[in-house]
Structure formats: C-alpha cells, structure tokens
Amino acid sequence: MAARSSRPSLYISVDIEADGPIPGPYSMISFGAAVAGRQDGAVYTPADPERLTFYRELRPISEEFVPEALAVSGLDRDRLVAGGADPAVAMAEFRAWVREVSAGAQPVMCGYPASFDWTFLYWYLIRFGGDSPFGHSGCLDMKTLYATKARVPLRAAVKGRMPRELLSRRRHTHHALDDAIEQADLMSNLMLWDPAAAPEPPADRSPRITQVSWGRIEAEGLAPGKDFRLHPGGGRPWDWSEHGTRHEPGIVPQEVREFLDLGVTAVVLGQGMDKRLGVAPETLEVLRAAGVEVHVAETTAAVEIYNRLAATERVGGLFHSTC
C-alpha cells in the first residue's frame, strides 16, 4: 500500500478576549485570527499576518462576568449585549473563513498560550454549530514550542525571557485582532528559529531579571532585593541615598552616569508599580546627549523591555519594586 502523503499545515494565530475564566458560565466577547504561515514538510513559509484576518465581537451568552477579566479588553459589555454578533452566526462565518484560507492544507490553530484561547474557541465552535475546522486537537501552543526549542522549563517560556529577535515589533494591545497579528509574527519567528545557530551571549552581558513582584526583584547572579541597579557584567541593590534620588523630582543624572562609563547602548528606568517615581528632565537629557536609547515605564513593563534588550545589547537599568 502506498504511503499517504500528509497535507501541508496552515497555521492560524488566534487570540480571544473573555469576561471570565471558562466558557459556558462566562462568555467569549471577541476573537481575532490571522494566518501566520504554511508548513509543507520541513519547509515553513511565513505569511503577511495582516493580509488574511478575521475579527468579531460577540454578544455575551450569560449574565455572569468577572469585572477584572472584562476590563482587560476594554470592551463595553452593555454595547455587546445590545449589538454584539450572534455567536452561532459568528462561528459559522469563522468556519467558512478558515476553510477558505486553508484550502488544500490542514488548518492548525496556534496561540500564546493556546490552552486558554483554544478552550474558548473549541467550546464555541462545538456549542454553536457542532463542528470545528481544526478537528478536536488541531492546536499548537507557542509557549511549548519555545520551551522545546530552547530546552527550558515551560514556566520559563515567557516573552520577557525570549531572545529579542523572536518577538514581534508590534504592540500587544489586548485587542483580539491586534494580538492575533502580533502573535502570528512570534509563531513564524519560532518556526524559523534555530537556537543552535544563535551566538553565545557575551560574558559581560547584563543580568536578566527572573522575577518581579511588589517589594521583590530577582535577577541572575544576585540575591533578591527591593530595588536594583543592573548593568553589563552585573549589578547591585539600588540605594537611593547614594545620589539623593527621591520620588520627586525623581531619578537624578548622577544615577545614570555610571552606565555611560560602562558603554551602554540603552538604559531602562522602572518607575515603580504605581509609577510614583519620577525622572528628572536633566537625566533624560544626559542620556540622549550621549546617544543612549532611553525607556521609561512602570516597573513590570520596564522589566520586559530590559530583558528583551539584554539578549542583544549592552543595557543598564534602574528598577523600583514598590510604589
């Protein structure tokens, strides 16, 4: 008997927004999809993720919702109740779209993480129409793909620890279509990534931050602490009294001059969890006059930026972990 040749796979990045943790009691309120690329045997061909897309906002199916979950998307639930798409109609339109764009190939849903998005998407496909164009298991989790290729534990498969070249240059906005497109970039980058070909990081690279929470920061090679000064080759606890930094006017120029002596190309300034820590205008002027790229952000966002930069650049950072 001749061996049956396998069809190519068409990867479709899907992102959903929901008003609660599980489908049924709670609702999928929007979802977006973007064709990421096509795999034929060992060959993966990326697509332009903005070319073939699908997006719908849905009428809720339940009175129940979690305000914190609803707030993530920024969608108005009353507006969705009055004018959101009927779920049965939306899922029928989505099935037709998937089958059209994947003609001649096997469609595979991919997500980051797929576990949450697939749970809602598959439940809705079966509940409203009884059929899934992906079958019952046609999904791929990008976190697992990265963990397998990078040979790291799944809990370490977070965007803040991924090499910068894997990440999309697009913003993650919590609009389902924006995020589906952004994650389509990640999917293609992961599929084409060869970790063995990546250069070893320099010995004096900036230490990555492995954990951040209120009042605690953990960084490679350093004991946990509250505030940190990190730079190529190491770091130390950040003592505000050393240069007289206060919440107002904020981080003073003396705090960043050490970075210039170390030849950094970028500096990240974390303003605290509530962004109470200011940055003196003169500090920004000093850095920009030296041709240094500057990023100022709330601390968790600053950590993500810093970790991305640390993979490829000489970066320094000041991080405050409380207000």
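The values are calculated or read from the model by the stated rules, or taken from the named source; none is laboratory data. The structure displayed is predicted, hence computed values, not measured ones. In this analysis, Cβ positions are derived from the backbone assuming ideal geometry, glycine residues included, and neighbour counts consider all displayed protein chains. These area figures cover heavy atoms from the full protein model, side chains too; ligands, DNA and RNA do not enter into them. Shrake-Rupley method; radii C 1.70, N 1.55, O 1.52, S 1.80 Å.
Worth a mention:
- The range 120-152, residues that are under 22 Å from Asp19 (Cβ atoms) and among the small types (Gly, Ala, Ser): Gly129
- The range 251-291: number of residues that are in contact with a helix residue (DSSP H, G or I) (Cβ under 7 Å, 6 or more places away or on another chain), open to solvent by less than 10 Å² (accessible area, probe 1.4 Å) and without any contact (Cβ under 8 Å) to a residue 40 or more places away in the chain: 2
- Matching option when the condition is among the acidic types (Asp, Glu), open to solvent by less than 50 Å² (accessible area, probe 1.4 Å) and in contact with a strand residue (DSSP E or B) (Cβ under 8 Å, 6 or more places away or on another chain), among Glu17, Glu64, Glu93, Glu50: Glu17
- Within the range 213-251, being modelled with pLDDT of 95 or more and aliphatic (A, V, I, L, M) holds for Ile217, Leu230, Ile251.
- Here Ala33 meets the list (1) hydrophobic (A, V, I, L, M, F, W, C); (2) under 16 Å from Tyr122 (Cα atoms); (3) not in a strand (DSSP E or B) almost entirely, failing just condition (3).
- Selection from the range 139-169 of residues that are in a loop (DSSP other than H, G, I, E, B) and crowded, with 19+ Cβ neighbours inside 10 Å: Ala157, Met162
- Only one of His136, His175 that is crowded, with 17+ Cβ neighbours inside 10 Å and not hydrophobic (A, V, I, L, M, F, W, C): His175
So that you can scan it fast, the table gives a plain yes or no per residue for (1) surrounded by fewer than 19 Cβ atoms within 10 Å (Cβ to Cβ); (2) within 21 Å of Ala47 (Cα to Cα); (3) touching a residue at least 12 places away in the same chain (Cβ under 8 Å); (4) of a type in the set (Asp, Glu):
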{"residue": "Ala114", "(1), (2), (3), (4)": "no, yes, yes, no"}
{"residue": "Trp118", "(1), (2), (3), (4)": "no, no, yes, no"}
{"residue": "Asp185", "(1), (2), (3), (4)": "no, yes, yes, yes"}
{"residue": "Leu190", "(1), (2), (3), (4)": "no, yes, yes, no"}
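- Here Tyr55, Tyr44, Tyr26 are screened, and the one residue that is surrounded by 19 or more Cβ atoms within 10 Å (Cβ to Cβ) and at pLDDT 95 or above is Tyr26.
- Members of the range 272-317 that are closer than 20 Å to Asp227 by Cβ, within 22 Å of the chain's Cα centre (by Cα) and assigned to a helix (DSSP H, G or I): Thr299, Thr300, Ala301, Ala302, Val303, Glu304, Ile305, Tyr306, Asn307, Leu309, Ala310
- Helices (runs of 4 or more DSSP H) contained entirely in the range 59-111, each with at least 1 residues that are closer than 27 Å to Gly138 by Cα: 67-73, 87-101
- If you filter the range 73-90 down to residues that are open to solvent by less than 50 Å² (accessible area, probe 1.4 Å) and small (Gly, Ala, Ser), you find that the one that is modelled with the lowest pLDDT is Ser73.
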